[in-house]
Amino acid sequence: MPQINRRLMVVVAAAAMAVAACSKAAAPGAGDGDMSMGNANAKVKVVEYASASCSHCARFNNTVMPEFKKKYIDTGKVHYTLKEFLTPPNEMAAAGFLVARCAGKDKYFTVLDAVFRNQQEMFTTGDLRGGLLRVAQSAGMTEQQFNTCISDENALKALNARVEKALKQDKITGTPTFFVNGKKVAEGEVSLSQLDAAIAEASK
């Protein structure tokens with residue numbers, strides 16, 4: 001696939017390890033730099049490790065997340081945290097996350113949703129940069145702002161640090177991986193019923 005940005009390729013290279021669609025994981029919690037939604041005081045904490053270039057993550061986002069959000073996040077029953085991870089093509093995953101962050105905290109999940117919903121088209125056409133640029137522009141960014149965003153070395157280093165922590169400390173090797181109150185409950189193709197059961201158990 002075409003490069004998005006040569007500097008971006010270099011920075012994310014450290015995280016370009018062989019990863020499966022889903023694999024082993026530990027028991028992490030929300031940390032600095034992670035993005036969250038919902039009631040911070042909710043009894044149930046759901047953590048998802050996801051990659052913007054992961055097809056399984058896109059399927060969850062597009063088919064399960066809307067109902068999950070309506071049922072648990074919007075009602076205040078669950079505090080949801082997304083932890084960023086990189087899967088091939090790593091440069092596309094990194095750029096997707098950076099664009100979501102550059103759009104602003106209040107637009108982060110909206111922009112990431114757009115990345116996931118346009119993911120298949122980007123893979124089919126091979127135009128990763130063009131697809132991400134269109135997503136950025138839909139969030140109000142100019143092309144210059146987009147270029148600056150995905151070339152931000154400090155933001156790239158911070159992303160890399162989060163991914164390295166996931167790899168080394170949390171033993172995450174693939175996406176999506178889900179935890180409910182620190183316990184791994186699902187990975188790979190995840191259904192709402194799986195999360196329902198885990199959340200019901202955690203709510204007791």
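Things to note:
- Within the stretch 182-204, the set of residues being closer than 14 Å to residue 172 by Cα and either among the aliphatic types (A, V, I, L, M) or touching a Pro at 6+ places or on another chain (Cβ under 9 Å) (or both) comprises 182, 185, 186, 187, 188.
- The single residue among 67, 91, 153 that is closer than 22 Å to residue 184 by Cβ and touching a residue at least 24 places away in the same chain (Cβ under 8 Å) turns out to be 67.
- Flag if residue 99 is closer than 25 Å to residue 68 by Cβ, buried (at least 20 other Cβ atoms within 10 Å of the Cβ), in contact with a Leu (Cβ under 9 Å, 6 or more places away or on another chain) and not aromatic (Phe, Trp, Tyr): yes
- Only residues that are touching a residue at least 24 places away in the same chain (Cβ under 8 Å) and surrounded by fewer than 17 Cβ atoms within 10 Å (Cβ to Cβ) were counted across the stretch 116-140, and they come to 6.
- Only one of the numbered conditions (1) touching a helix residue (DSSP H, G or I) at 6+ places or on another chain (Cβ under 6 Å); (2) more than 17 Å from residue 69 (Cα to Cα); (3) of a type in the set (Ser, Thr, Tyr) is violated by residue 142, and that is (1).
- Residue 61 being surrounded by 14 or more Cβ atoms within 10 Å (Cβ to Cβ), at pLDDT 95 or above and more than 11 Å from the chain's Cα centre (by Cα): no
- For residue 171, the stated conditions do not hold, so it cannot be described as without any contact (Cβ under 8 Å) to a residue 60 or more places away in the chain and within 30 Å of residue 201 (Cβ to Cβ).
- Test for residue 45: is it modelled with pLDDT of 95 or more and assigned to a strand (DSSP E or B): yes
- Selection from the stretch 64-90 of residues that are surrounded by 19 or more Cβ atoms within 10 Å (Cβ to Cβ) and over 23 Å from residue 42 (Cβ atoms): 85, 86, 87, 89, 90
- Of the helices (runs of 4 or more DSSP H) contained entirely in the stretch 51-105, those carrying at least 1 residues that are more than 13 Å from residue 119 (Cα to Cα) and small (Gly, Ala, Ser) fall at 90-102.
The values are calculated or read from the model by the stated rules, or taken from the named source; none is laboratory data. As the structure is a computational prediction, the values presented were derived from the model and not from experiment. Don't worry about glycine lacking a Cβ; one is built from the backbone with ideal geometry, like all the others, and counts go over all protein chains shown.
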